[in-house]
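Rule-based calculations on the coordinates, nothing more; no lab input. All values derive from a computational prediction rather than experimental measurement. Because the Cβ atoms are built from the backbone with ideal geometry, glycine has one as well, and the counts that use them run over all protein chains shown.
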Ligand SMILES: O=CC(=O)O
């Protein structure tokens with residue numbers, strides 16, 4: 001019986017070798033659980049060499065899984081001369097040196113498709129919270145202010161708002177779908193105009209802001225998009241404008257944003273991401289027109305499981321010479 005099983009089970013030495021790149025103590029057991037049947041996993045934290053954890057097998061390694069957002073730097077990549085694929089486990093891949101990957105012809109994948117529905121739900125939740133003041137109302141009741149101060153001031157309606165989506169990829173498209181159902185109108189900014197949608201397109205984000213009540217940031221952080229929401233864009237959005245950020249903190253010039261919010265030069269913001277996480281500008285704590293969230297937009301247990309399966313599917317496709325499922329246009 002035992003020898004029969006040995007005949008059908010693959011010899012582990014024949015399985016492709018895959019490097020898991022992450023920062024301990026990040027818990028990667030779910031990745032190991034899903035990938036181990038198909039790959040030999042190289043986990044640097046289990047290797048004895050302290051200086052160059054990849055050294056012995058690095059020369060032949062063709063694929064790396066970037067778990068979490070631990071940086072995949074040029075230095076890391078330089079230790080892996082045969083690398084052809086970096087599989088990201090997150091939607092955003094700004095922690096990976098994309099320029100170096102492009103230069104070396106290394107393909108990169110992300111898990112945007114697995115996370116897009118949860119991220120879009122969260123963007124809508126933040127927007128409703130900012131407009132209708134849900135969290136502020138909650139604080140009002142808990143702090144016992146209702147009997148003392150009377151009715152809470154009326155807040156704003158979602159339906160009818162002109163929403164400008166910055167980045168109409170997997171996540172932005174799901175946001176658009178949801179907000180159309182709420183009766184909002186949609187316009188967008190992205191690297192290129194998309195033939196597949198009829199929403200108004202603005203090549204310049206300040207022009208989008210001028211024509212929007214709300215900006216929702218869903219685009220990747222790159223050299224081009226860093227601080228794209230600057231003073232000009234916020235002035236263009238105007239005093240009644242709202243910013244929702246579920247992308248990356250550095251899409252916005254955070255210092256300027258804080259000033260605009262403190263001075264009442266925009267109406268409010270819903271922020272899941274910050275420039276220097278987990279640190280949040282303290283001035284924001286005192287503002288009732290801001291909803292703060294600790295970078296939780298994309299993840300639910302369900303989407304996390306889907307993301308791990310997408311990581312596996314990308315690896316399997318690569319080692320079978322089939323098209324990658326979620327390549328990043330790099
Ligand atoms: O922010 C989370 C992600 O990029 O997956």
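How do 115, 39 rank when sorted from fewest to most other Cβ atoms within 10 Å of their own Cβ?
The order, fewest Cβ neighbours first, is 39, 115.
Take every DSSP beta bridge whose two residues both sit in the chain, then give the antiparallel share in percent to the nearest 5.
Numbers: 2 of 39 bridges.
Here the share of antiparallel DSSP bridges comes out near 5 percent.
At a Förster radius of 35 Å, what calculated FRET efficiency corresponds to the Cβ-Cβ distance of residue 204 and residue 279, to the nearest 0.05? Please report the intermediate quantities before stating the final value.
Numbers: r = 31 Å, r/R0 = 0.89.
Efficiency for this residue pair is about 0.65.
Could you compute the FRET efficiency for residue 78 and residue 305, with r as their C-beta to C-beta distance and R0 at 35 Å, rounded to 0.05?
Numbers: r = 33 Å, r/R0 = 0.96.
Efficiency at R0 = 35 Å is approximately 0.55.
So what is the calculated 222 nm ellipticity per residue for the chain, using -39500 (n - 2.57) for each DSSP H run with n of 4 or more, over all residues, to the nearest 500 deg cm²/dmol? Could you put the intermediate results ahead of the total?
Values: 12 runs with 114 residues, N = 330.
After summing the helix terms and dividing by residue count, I get -10000 deg cm²/dmol.
Quick one: among 105, 268, 164, which has the greatest mean-square fluctuation in a GNM of the chain with alpha-carbon springs under 10 angstrom?
Result: 105 has the largest fluctuation of those listed.
For the chain, set up a GNM with springs between Cα atoms under 10 Å and report which of 285, 188, 202 has the largest fluctuation.
Of 285, 188, 202, the Gaussian network model singles out 285 as fluctuating most.
Rounded to the nearest 0.05, what FRET efficiency is calculated for residue 193 and residue 321 with R0 set to 41 Å and r the Cβ-Cβ distance?
On the way: r = 33 Å, r/R0 = 0.81.
According to the calculation, E is roughly 0.80.
Determine the gain in length on full extension of the stretch residue 34-residue 329; use 0.36 nm per residue of separation and subtract their C-alpha separation, reporting nm with one decimal. Each step should come with its number before you reach the end.
Details: separation 295, 0.36 × 295 = 106.20 nm, distance 2.61 nm.
Between residue 34 and residue 329, full extension yields an extra 103.6 nm.
Using 0.36 nm times the number of residues separating residue 13 and residue 138, minus their current alpha carbon distance, what extension gain do you get?
Working: separation 125, 0.36 × 125 = 45.00 nm, distance 5.76 nm.
Gain on extension, residue 13 to residue 138, equals 39.2 nm.
At a 10 Å Cβ-Cβ cut-off, how would you order 184, 218, fewest neighbours first? Before the final figure, lay out the partial values.
Details: 184 20, 218 30.
Lowest to highest Cβ neighbour count: 184, 218.
For segment 115-292, what does the relative contact order come out to in percent, with C-alpha contacts under 8 Å and a separation of six or more? Intermediate values should be presented prior to the final figure.
Values: 322 pairs, mean separation 36.3, N = 178.
That works out to 20 percent.
Out of every Cα pair in segment 115-292, what percent are spaced more than 24 Å from each other?
Values: 5106 of 15753 pairs.
Counting pairs separated by more than 24 Å, the tail of P(r) holds 32 percent.
Springs between alpha-carbon atoms under 10 Å, Gaussian network over the chain: tell me which of 302, 277, 46 tops the mean-square fluctuations.
Sorting by GNM fluctuation, first place goes to 46.
List the relative contact order of segment 77-220 as a percent without decimals, with contacts defined as Cα pairs under 8 Å and 6+ residues apart. All intermediate terms of the calculation are to be shown ahead of the outcome.
Values: 193 pairs, mean separation 31.5, N = 144.
Relative contact order, segment 77-220: 22 percent.
By count of other Cβ within 10 Å, fewest leading, how are 229, 30, 186 ordered?
Values: 229 27, 30 14, 186 23.
The fewest-first ordering by Cβ neighbours comes to 30, 186, 229.
Using Cα-Cα distances under 8 Å and only pairs 6 or more residues apart, what relative contact order does the chain have, in percent? Don't jump to the answer; show the numbers that get you there.
Details: 581 pairs, mean separation 53.5, N = 330.
In percent, rounded to a whole number, it is 16.
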